[in-house]
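Readers should treat all values here as calculations from the given coordinates under stated rules, not as data from a laboratory. The structure displayed is predicted, hence computed values, not measured ones. Here the Cβ positions follow ideal geometry from the backbone for every residue, glycine too, while neighbour counts run over all protein chains shown.
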Amino acid sequence: MKIVAAKQLASKLKRDRRHRKNSLLSSNFSLPSSKMRSKDKIAYFYDGDVGNVYFGPSHPMKPHRLCMTHHLVLSYELHNKMEIYRPHKAYPVELAQFHSADYVEFLNRITPDTQSLFSNEMVKYNLGEDCPVFENLFEFCQIYAGGTIDAARRLNNQLCDIAINWAGGLHHAKKCEASGFCYVNDLVLGILELLKHHARVLYIDIDVHHGDGVEEAFYFTDRVMTVSFHKYGDLFFPGTGDVKDVGEREGKFYAINVPLKDGIDDTSFYRLFKLVITKVVEIYQPGAIVLQCGADSLAGDRLGCFNLSIDGHADCVRLVKSLNLPLLVTGGGGYTKENVARCWTVETGVLLDAELPDEIPENEYIKYFAPDYSLKIPSASMENLNSRSYLNSIKQQVHENLRSIQHSPSVQLQEVPPDFYIPDFDEDEQNPDERVDRHMKDKQIQRDDEYYGGDNDHDHIMDDS
């Protein structure tokens, strides 16, 4: 597997900029042909360090699911069909392109040992139970945000057709505070990068939770259309995302919410997803798409309440890929780790047009896919509370909102600002032993305290004896 340091990309991007004239797309944009490109070029971003952080013994978020996903991708040899990159760690000034400087600075300096000294700031920035302070918190944010930023830049420079960062997709983070296990909103940062080259960006979210942080960031602009399919009602987090929430000012009707009830199944979800997304693309004519693939919408998720199979979830990814637009794909929620790994591996295969055998190959985490060692999981046996009449009413309201958009918004042509990269470094000047050692970290199997027993945890407890 060839791993290319993402910071080396900076020099190439700067050289490329000197040889091209950048301008935003005009509104003269036609819907892409349904004919698939002969072969998409896929960029995949991964840093093993992002999976080594630990939110705490009773916390449902397990970043180690990212290591499990990566090893499953390797076991199916999908890495041979992609370009693999280690993302750069996003600089504080990059994070401050969206987040407030004081919030970024606080994330940078707070530690588990010092948090008791900053009780007022902890409340101000919504840090605590859902969003705990843990070791290497800021580096964790830098890595997953850097991956999404790098993915957007590769797309902007036409160095790939599809860019994947399963570590990204933390859609709840706000400008000045953490929320819902999310500290830095990498999706907003990635979209801001894409807007340097594209007049319009479409954001699609299939996490079971409403993509409130992304919607809020672009609620007053028509440059980004946000479309979120999510559970709504019954005080389900975050409590936003009513179909009537459509954006304001210039952004009115450019926020689309598809609120759903418990138990929605593959057939109902995909039918609605296809109707909404194809109509959105036809009317809005985006230049690029960001797809958040939260896996907590799968059946059996610890925090979810939908009833999607992995195939049903992946069908949505397949549809978006078929639109033949520059595509940035991220992860998101997902709290049954083995199913998250299954889902994002299958969807990596979908993006590569690769059929994967259902029997999971030998890998470092094979025990966690017992007893059947199957890649796919079916839907569960649960009631679908989304009646046909309810889904029809949602579809009708969404279409009425879309009809309010006369045509895709136009953007005045202007020079595209440069990519916000900090000065280059030469990786060849680094100690080669240190480089190899960092790469070997990606092969780390598990952290000692990742798997544990307790009333608050439902992960499998494996017996190595």
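Quick notes
- Calculation over all alpha carbon pairs of segment 342-390 in 10 angstrom steps from 0 returns a P(r) of 20, 39, 23, 16, 2 percent.
- log10 of Debye I(q)/I(0), alpha-carbon scatterers only, for segment 211-331 at 0.17 Å⁻¹: -0.90
- Karplus (6.51, -1.76, 1.60) ³J(HN,Hα), θ = phi - 60°, over segment 347-354, in Hz, Gly and Pro reported as x: 6, 4, x, 4, 5, 9, 6, 10
- When the alpha-carbon atoms of segment 313-356 are used, the pair Rg, Dmax equals 10.8, 31 angstrom.
- By the Cα gyration tensor, segment 54-116 has an equivalent ellipsoid whose semi-axes, rounded to whole angstrom, run 31, 20, 8 from largest to smallest.
- Residues R388 and D358, FRET efficiency given R0 of 35 Å [Cβ-Cβ distance, rounded to 0.05]: 0.65
- Counting every C-alpha pair in segment 287-348, the share spaced more than 14 angstrom apart comes to 51%.
- 5 angstrom amide H check on G294, placed H, neighbours 5+ away: I206, D207, G333
- Karplus (6.51, -1.76, 1.60) ³J(HN,Hα), θ = phi - 60°, over segment 296-302, in Hz, Gly and Pro reported as x: 7, 8, 6, 4, x, 5, 4
- ³J(HN,Hα), Karplus 6.51/-1.76/1.60, whole Hz, each residue of segment 118-129, x for Gly, Pro: 10, 4, 5, 5, 4, 5, 4, 9, 6, 9, x, 5
- Normalised by 2.2 N^0.38 Å, where N is the number of residues, the alpha-carbon radius of gyration of segment 99-150 equals 1.15.
- Pairwise Cα inverse-distance average, inverted: Kirkwood Rh of segment 114-228 (Å): 15.0
- Sites matching chymotrypsin sites (Phe, Trp or Tyr not before Pro) across segment 300-374 that sit in DSSP coil, with at most 16 neighbouring C-beta atoms within 10 Å: Y373
- Amide H to amide H, with H built 1.01 Å from N, G168 comes under 5 Å of G331, counting only residues 5 or more places away or on other chains.
- Dimensionless Rg over Rh [segment 55-191; C-alpha; Kirkwood]: 1.00
- Placed amide H near L308: partners under 5 Å, 5+ positions off or other chain: A299
- Scoring 349-361, 212-224, 289-301 by mean Cβ neighbours within 10 Å over their residues and listing the highest first yields 289-301, 212-224, 349-361.
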